[in-house]
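Presented below is the structure to which this report refers.
The values are calculated or read from the model by the stated rules, or taken from the named source; none is laboratory data. Keep in mind the model is a prediction, meaning the values are calculated, not measured. FYI the Cβ positions are ideal-geometry reconstructions off the backbone, even for glycines, and counts take in every protein chain you see. Heavy atoms of the whole protein, side chains included, go into the accessibility calculation; ligands, DNA and RNA do not. Shrake-Rupley method; radii C 1.70, N 1.55, O 1.52, S 1.80 Å.
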Amino acid sequence: MTFVRIGGVAHHVTVEGSGPVCVLSAGLGLSWFDWDPVVPLLAPHRTVVRFDRPGHGLSAPAVAPPTAAGEADRIAALLDALGADHQDPVTVVGHSLAGFHAEAFARLHPARTAGLVLVDSSVEEHPRPARTDAVSRALGRALCAAGLPAALGPAVRRAAVRSDPASRALVRRVYRTSRVLRGALLENAHYGAVAAGLLDLRDRFPLPPGLPVTVLAAPDGSARWERRQRTLARRLGASYEAAVPSGHLVMLDRPDAVARAVLSTKRS
């Protein structure tokens, strides 16, 4: 466990294993330890980098709203801070909202990308306008002033993550903080803007030729969600895989499927 400073913000990072690098980034409100079941499957073959975005996990609060390009550059800056060689491309794995960030990285830093794995990634064909920072920050202040993070944060986590494998002590350490609530609210408020930013990047920055891309979806009985994930795979020229059975947190329900998707990436 270590911390690196990016854009003036302390980011919590863990690095394990050996071999080519893969970067794992979890969805809205999640933490580095949500990848715990996947790491033992990857570490014998990959150097596994996990990090918490600002306001998530153990990282410091955000100082600016997220953007698609900014999150792509955050991953690049993280690799630089860890001393990664620009000549050694990495596989980037993005879950849910972080799928936007992973795809943006592949488009803006193609020479540094060996593969792309989107784990039940968010999909927005027609992004809606985001709420303003003012609304998000006011809501955060009100909830924190009422003491809700300390009172309800771990309970909300347990309700959202079924059969949570994380220890109660770790969940309390992270989710009792106002910082994590504010971080989740900020990302949620700018979800539409980040989605729109990614659509703009798709128009201007093609994925590198021959890049292996996998869309690993968790349809969970939803024909509509499966159609949207298959459409995403076609749009990106990606292979489509369904993690069945699995809920949205594929890394917890089917770590074997995530590891298989990562280990199968080999750029032509």
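The Cα center of region 222-258 and the Cα center of region 1-15 differ in position by 30 Å. For the chain, the residue among Leu252, Val49, Phe205 whose Cα projects farthest onto the positive side of the dipole built from Cβ charges is Leu252. Rg and Dmax of region 1-131, based on Cα coordinates, read 13.8, 43 Å. The Cα center of region 99-124 and the Cα center of region 166-219 differ in position by 11 Å.
Since only Gly99, Ala217, Leu181 are under comparison, the one whose Cα sits farthest along the positive direction of the charge dipole of the chain, derived from C-beta charges on Lys, Arg, Asp and Glu, is Leu181. Averaging the sequence gap over all C-alpha pairs within less than 8 Å and six or more residues apart, then dividing by the number of residues, gives the chain a relative contact order of 22 percent. Residues of region 1-45 with an amide N closer than 16 Å to a point placed 7 Å from the Cα of Asn188 along the Cα-to-Cβ direction: 27-31. Working from Cα pairs under 8 Å separated by at least six residues, relative contact order for region 160-262 is 21 percent.
In a fully extended conformation the segment linking Leu152 and His45 would gain 34.6 nm over its present Cα-Cα distance, using 0.36 nm per residue. Translational diffusion of region 187-268 was estimated from the Stokes-Einstein equation, with Rh taken as the Kirkwood radius over Cα pairs; at 10 °C and 1.306 mPa s the coefficient is 112 µm²/s.
What accessible area per residue comes out for the chain, rounded to a whole number of Å², with a 1.4 Å probe?
Values: 11620 Å² over 268 residues.
Result: 43 Å² per residue.
Taking the accessible area of the chain, probe 1.4 Å, and keeping the other protein chains in place, the carbon and sulfur fraction comes to 56%.
Would you calculate the convex hull of the Cα atoms in the chain and tell me its volume per residue in Å³?
Working: hull volume 32.1 nm³, N = 268.
Normalising the Cα hull of the chain by residue number yields 120 Å³.
Annotation: the antiparallel percentage among DSSP beta bridges lying fully within region 1-74 is about 70.
Taking all protein chains together, His101, His248 sort by accessible area into His248, His101, largest first [probe 1.4 Å].
Relative contact order, percent, of region 29-123 when contacts are C-alpha pairs under 8 Å separated by at least 6 residues? Please report the intermediate quantities before stating the final value.
Working: 108 pairs, mean separation 22.0, N = 95.
Relative contact order here is 23 percent.
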